[in-house]
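Have a look at the structure below, then the notes.
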Amino acid sequence: MTDTGAWLTRPPKPGRIAAYVALIVLGFFVGAAGSLVQAAWFPAGLLLALLATAGLFYGGLRATGTQIGVLAPAAGWLAAVLLLSAGRPEGDGLFAGGLGEIVFLLGGMVVAVICATMARLPQPGGGSGRLGK
C-alpha cells in the first residue's frame, strides 16, 4: 500500500521542479499571447485565447497529475495578464477596458479553478479505493 501523503515529507525531485518552472514560463507566454490575440481578433481571438488557456491548464494537470500542475501555469498566466493590463505613466496600456478584456481575465480565472478542482485520474497499479477490497 502506498502512502498518499508521502509527497509532503519528501523533498521534490529536480525533474518535477523543472516541470513546474517550465509551466510557469509557458503560462506567462500563453497569457501574453492571449492578451494580444483576444484584442486583435475579437470575438474569435477571445475564444482562441481562452481555448489555449484551458488547454495549458488541463495539460498541466494531466502532465503532472497534481493541482500544482494547474496552479503553476495559472500563476504565470495571471502575472502576464496583470503586467499587460497595468498602464504606463504616459497613459499607454495594452487593454482598452472593453468587454473582451474582462471576459478574458475572468474566463481565464474560471478555467483555472475548474481545472484545479477536477478529479485526478487514478494512478496506474493503484487499488480500487473501495474499503474491504
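Out of G65, G45, G60, one residue alone is modelled with pLDDT under 90 and surrounded by 11 or more Cβ atoms within 10 Å (Cβ to Cβ). It is G65. Residues in region 99-113 that are within 13 Å of S85 (Cα to Cα) and in contact with a helix residue (DSSP H, G or I) (Cβ under 8 Å, 6 or more places away or on another chain): G100, E101, F104, L105. Within the option set W7, W77, being in a helix (DSSP H, G or I), modelled with pLDDT under 90 and either aromatic (F, W, Y) or loosely packed, with under 15 Cβ neighbours inside 10 Å (or both) holds for one residue only, W7. In this structure, is L61 among the aliphatic types (A, V, I, L, M) and in contact with a Leu (Cβ under 7 Å, 6 or more places away or on another chain)? No: the conditions fail for L61.
The set of residues in region 49-74 that are over 25 Å from P12 (Cβ atoms) and touching a helix residue (DSSP H, G or I) at 6+ places or on another chain (Cβ under 7 Å) comprises A49, L50, A52, T53, A54. Looking only at residues of region 32-42 that are more than 16 Å from L106 (Cβ to Cβ) and more than 18 Å from the chain's Cα centre (by Cα), we find that the one that is surrounded by the most Cβ atoms within 10 Å (Cβ to Cβ) is W41.
The values are calculated or read from the model by the stated rules, or taken from the named source; none is laboratory data. All values derive from a computational prediction rather than experimental measurement. For neighbour counting, all protein chains shown are included, and Cβ atoms are generated from backbone atoms with ideal geometry for every residue, glycine included.
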